[in-house]
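What follows is one structure encoded as C-alpha cells, with my remarks underneath.
The values are calculated or read from the model by the stated rules, or taken from the named source; none is laboratory data. As the structure is a prediction and not an experimental result, all values here were calculated from the model. Reconstructed Cβ throughout: ideal geometry from the backbone, glycine too, with neighbour counts over all protein chains shown. These area figures cover heavy atoms from the full protein model, side chains too; ligands, DNA and RNA do not enter into them. Shrake-Rupley method; radii C 1.70, N 1.55, O 1.52, S 1.80 Å.
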Amino acid sequence: MRQNTSASMSMPKLTVRCSAPAAIGTGVRAIRRVVVHASILKASQLCSGDVVALSGADDKVTKKDFAIGTLWPSLDIPQDVILISSSLFLTARLKEGATVQVFDVSDQGAGRPPSGLPTMRDVQEAGTICLREISIRTRTMQNLADSQGKGKRRDWLTLLLREYLISLKYILSTQIIEVPYQGEIRTFSIDSVSAHHSASVGSVNTITRDLNSFAIQVKPSLWTAGWDTIVSVLEDVADHDVSLTQKSDIETLPHTSISDAYTAVGGLDKTITQIRDLLEIPLTRPELFGYFGLKPPRGILLHGPPGTGKTHLARAIASSTNSSVLVINGPELSSAYHGETESKLRDVFKEARAKSPCIVILDEVDALVPRREEGAGGEVEKRVVATLLTILDGIDNASTTFDDRVVVIGTTNRPNAIDPALRRPGRFDREFEIGIPDADARYSILNVLLSKTPHCITDAELRSIARRAHGYVGADLSAVVREAGTLAIKRWMTHTPPVSNADPAATTLTLKLTPSDLSESLPTVRPSAMRSLFIETPPIRFKDIGGQADIIQKLREAVEWPLLHPEAFHRLGVRPPKGLLLYGPPGCSKTILARACATESGVNFVAVKGPELLNKYVGESEKAVRDIFSKARAASPSIIFFDEIDALGTSRSSDSDTGSAHEGVLTSLLNEMDGVQELVGVTIIAATNRPDVIDSALMRPGRLDRILYVGPPDHAGREEILKIRTRTMSVESDLDLHAIAAMTDGCSGAEISSLCQEAALLTMQKDINAPFIPQSAFIAAAGAIQRQITPDVIKKYQQWRNQTGSRSV
C-alpha cells in the first residue's frame, strides 16, 4: 500500500502511442486503461487502478485538452512509452509520438493536481448523456446506419454506447468515444450531459449550450455513467463540422430546362412526347382531372432490353419537370432485417408527399417487387410487394385533394418478373417498351454522342454507319464511339513526339474522329443482345465461293433486297421471303454460303448447330429455341442459320422414337417461324443433306419459302473454284486449270479444295524447298482423289425433288 507523503514523486514525461485493443487488453473495460511500465509506477509511488489525467506536455499554463483514465502496469512495453486507447487519444487531442504528462487526480493521491483538472470530489452521476456522431471510418460493408432514429438497430447502438461509457467510468464533457459497430469504427462526441433522468434531449441541449455561452472559466465536469443512465444519439449529424461520407438510399436530381434535359437522349422522341403528355398534366394541372371526376395516372413502367436508355430517359424526364425527383435503386432498399425494407419504402413515399409535386423513380423495380407465386423469394419479398401495392393505392385514393401529386416511374429489363398486380391501371397505368433503335434512331443517338467530340464525319457518312449498326443499342453505340476515340488518340500519339504533355489543339496533326475510326471500331463491339449467341467466324465474301452463282443470286434476293430496296417490296405489296432451305450432297458450300450471306449483308448472324439445342431435361430444348428467336427479334435485322436442321426437324410421321422425342422442339420451331407472334426482320436459313427426313410442315411457304438444291459444281464452276483456291498459292505460271477441272468431274467444292492441299503436300514430299507447285502435282492429286458424290447420290436427291415438287434453281 502506498504511503501518503506531503511531497509525491511526479511521473516523468512519456511518449504516447495509440494502441490496438489487443495491446491494452481485451474486452470493453480496456478502453479506460493507461498502460505504463511497472517500474515507472513503482518509482512514482502510484498503484494500478489510480485515476490519472494525461495531456500534452507543451501547455504549462492551462490543461484544456486532457483525458481521464486508470493506470495499468505492463512489462511488455518500453519504459518511456505510454499506451492508451483511441478514445482517450482523441479526447486529449494528441498526436502519435507526442510527449505527454500524467497527473494523479485520485482521492488517495498526495499533493494537488494542477489548476483546471478535476478531482474525484467533483464526480457526479450522469442521468442523461446525449452523443453526436462525427465520423465513420474503416468501411467494410454497405452503410447500415440508423434510419431516421427508428428501428431496433438504433436501440442496439445506444446500448453499446452506454456499455462503453460505463466501461470508461469517468466521462468528461469533452469526451470522444470510438466504438466498433457492424464492421465500422464509429466516432461520437459528448453533446450534453445532465444529472436529470430525462428523455427530452432538446431542452437539455438548449440549457447546456446557454450555460456554456455564459461561462467564463469553469473547472471541467467529471461524470460517471450507470445502467440507469439514458443515452441518446442526435439525428442532426449533418450540422457537425465533420460530415458523413455515406451515400443516401434516396437520390435527389437537380432541375434542368426541357431543352437541356432531352439533348442527352437520342432516338426516343416519340416515347418522350407520349410520356410528357402523360406526366405533365397530372403534375401541373391535376384539378382538370377532378373537373371530370377522374383520377390522374399515377405510374408508368419503362421496359426493354439492357442498354436502350430506360434509366437515362426516366432521369431526363424527371429533371425536366418543375417537380421534385427521388431516385430509388431497388436493391439499395433491401435489408436483411425484419420489416426494415417496408419501413424504408414507406419513408420514401412519405418524403415524396412532403415534396409534392414529386416524381419517384424506382430503378430496377424487378429486384424490389418480384413475382410472389414463383421464384426463390420468401415472405420478405411478398411483404414488400404488398407494401408497394398499398402505397400506390393510397396515392390514388388521396388524389382527390391534389395535395400529394406523386407519379411513380419504374424501369426494368425483365417486365415478366414483376408481380402482375402492379401491372394494372391505377398502379402502373401505362407501359412503354424502349426497344432496340432503328437506323434513324441510331443516327440520332450517334449525333448526341458526337455532339461534344471533335470529328470530321459528314452527315451522309454518319447515316451510313448508323445503317450498318444493326441491333446496336445506345450503350453499344457509346462503346463504339469510345473505341473510335481510342483509335484516334493512338494515331495522334504515334505522330506526336513523346516529349511534354502537348496540347492536342497546338499540334499540326489535328486530333479528330474520322469515319474510318468508327468503321473500324464497329466490328469490335458486338450488340448486347447477341453477345451470348456470338460465334467468331472469319469474314467470307461471295467472291470467295465459286460455282454457285445462281444460289448466291437467290440468297441476295431473300436477304439483301429487303434491306437495300424496302420501298420496292412496299410498292408492290409483297413481303420478303422468310426462310430458305439449302439441301444437297455434303461438301457443296451450303454452310459457307450462309456465312457469306451474313458478311455481305452486314446483318446480325446467329449460327445454331442442330444437336446443340437438344437437352435431356424436359422443356429445356423448347426454351432454347424460344430464347434464340427472342434474341434474334430483338437484334433484327438478323439471320438465324440452322446447320443440320434434320436433327431438329425430323418428320413427325416417322415411327421411330427419335421423332416423338424431338416433337416438342419441332413444334416450338414451327410456332416461332410462323405462329401467332409474327417474325419480323428475321430471315431463316437452314442447311441439310437429308431433306427426306424433314417434316413437311417446316418446308411450306411462310416458313422455308425457298428450297434450293446446292449440287456439285459443273465444269465452269470447278474451274472458278480452282482459280479462287490457287489465288493465294505459289503455283506454276502456266497452270492449265481447264484440264484439271476436266479431271475432277463430279467432285464437290470441298474435294477440289482438298485436291489443292494434296498437290502442295506431294510437292513438298519431293522437294521441301520447292518454289512452286507444278501442274504434275495437281494431275497426280486429281487422279488419286476419291469421289464421295456418286451418281446414285445425285439420283436420290432428284427423286426427292420430283416427289415433293420442289424445283431446282
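Computed quantities for the displayed model
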| read-out | value |
| --- | --- |
| Candidate set: the stretch 491-517, residues that are part of a helix (DSSP H, G or I) and surrounded by 10 or more Cβ atoms within 10 Å (Cβ to Cβ); chosen: the one modelled with the lowest pLDDT | 504 |
| Filter result for the condition that a residue is surrounded by 23 or more Cβ atoms within 10 Å (Cβ to Cβ), modelled with pLDDT under 80 and touching a strand residue (DSSP E or B) at 6+ places or on another chain (Cβ under 9 Å), over 318, 352 | 318 |
| Total residues in the stretch 263-286, condition touching a Phe, Trp or Tyr at 6+ places or on another chain (Cβ under 6 Å) and of a type outside the set (Val, Ile, Thr) | 1 |
| Helices (runs of 4 or more DSSP H) enclosed by the stretch 538-596 - at least 3 residues per element that are open to solvent by 40 Å² or more (accessible area, probe 1.4 Å) and of a type in the set (A, V, I, L, M, F, W, C) | 561-564 |
| Sole exception among (1) open to solvent by 30 Å² or more (accessible area, probe 1.4 Å); (2) touching a strand residue (DSSP E or B) at 6+ places or on another chain (Cβ under 6 Å); (3) within 21 Å of residue 601 (Cβ to Cβ) for residue 471, by number | (1) |
| Residues (surrounded by fewer than 20 Cβ atoms within 10 Å (Cβ to Cβ) and farther than 30 Å from residue 787 by Cβ) located in the stretch 600-613 | 600, 602, 612 |
| Residue match in the stretch 78-97 (condition: more than 26 Å from residue 134 (Cα to Cα) and without any contact (Cβ under 8 Å) to a residue 60 or more places away in the chain) | yes |
| Single residue of the stretch 172-188 satisfying the filter (in contact with a Leu (Cβ under 7 Å, 6 or more places away or on another chain) and more than 11 Å from residue 87 (Cα to Cα)) that is most open to solvent (accessible area, probe 1.4 Å) | 182 |
| Residues of the stretch 576-591 classified as under 38 Å from the mean Cα position of the chain (by Cα) and farther than 14 Å from residue 689 by Cβ, total | 2 |
| The stretch 242-294, subset under 30 Å from residue 438 (Cα atoms), modelled with pLDDT of 70 or more and part of a loop (DSSP other than H, G, I, E, B), residue most open to solvent (accessible area, probe 1.4 Å) | 263 |
| Residue list for the stretch 47-83, restricted to those being hydroxyl-bearing (Ser, Thr, Tyr), at pLDDT 85 or above and in a loop (DSSP other than H, G, I, E, B) | 48 |
| Residue in the stretch 373-382 that is closer than 18 Å to residue 407 by Cα, out of contact with any Gly (no Cβ under 7 Å at 6 or more places or on another chain) and of a type in the set (A, V, I, L, M, F, W, C) present | no |
| Where a residue in the stretch 175-188 is over 9 Å from residue 88 (Cα atoms) and at pLDDT 85 or above and its partner, wherever it lies, is open to solvent by 10 Å² or more (accessible area, probe 1.4 Å) and of a type in the set (Phe, Trp, Tyr), with Cβ under 6 Å and at least six apart | 179/164 |
| Members of the stretch 757-787 found to be of a type in the set (S, T, N, Q), surrounded by 15 or more Cβ atoms within 10 Å (Cβ to Cβ) and out of contact with any helix residue (DSSP H, G or I) (no Cβ under 6 Å at 6 or more places or on another chain), listed by number | 775 |
| Hits in the stretch 79-93 - residues which are among the aliphatic types (A, V, I, L, M), under 21 Å from residue 41 (Cβ atoms) and open to solvent by 10 Å² or more (accessible area, probe 1.4 Å) | 83 |
| Positions within the stretch 680-737 being out of contact with any Phe, Trp or Tyr (no Cβ under 7 Å at 6 or more places or on another chain), closer than 28 Å to residue 752 by Cβ, charged (D, E, K, R) and open to solvent by 30 Å² or more (accessible area, probe 1.4 Å), in sequence order | 690, 706, 714, 719, 720, 723, 725, 727, 734, 736 |
| Residue among 389, 362 that alone is modelled with pLDDT of 80 or more and in contact with a Gly (Cβ under 8 Å, 6 or more places away or on another chain) | 362 |
| Matching residues in the stretch 402-443 - criterion: being among the charged types (D, E, K, R), open to solvent by 60 Å² or more (accessible area, probe 1.4 Å) and under 15 Å from residue 369 (Cβ atoms) | 414, 423, 424, 431 |
| Pick from the stretch 614-645, criterion in contact (Cβ under 8 Å) with a residue 60 or more places away in the chain and open to solvent by 10 Å² or more (accessible area, probe 1.4 Å), ranking: farthest from the chain's Cα centre (by Cα) | 637 |
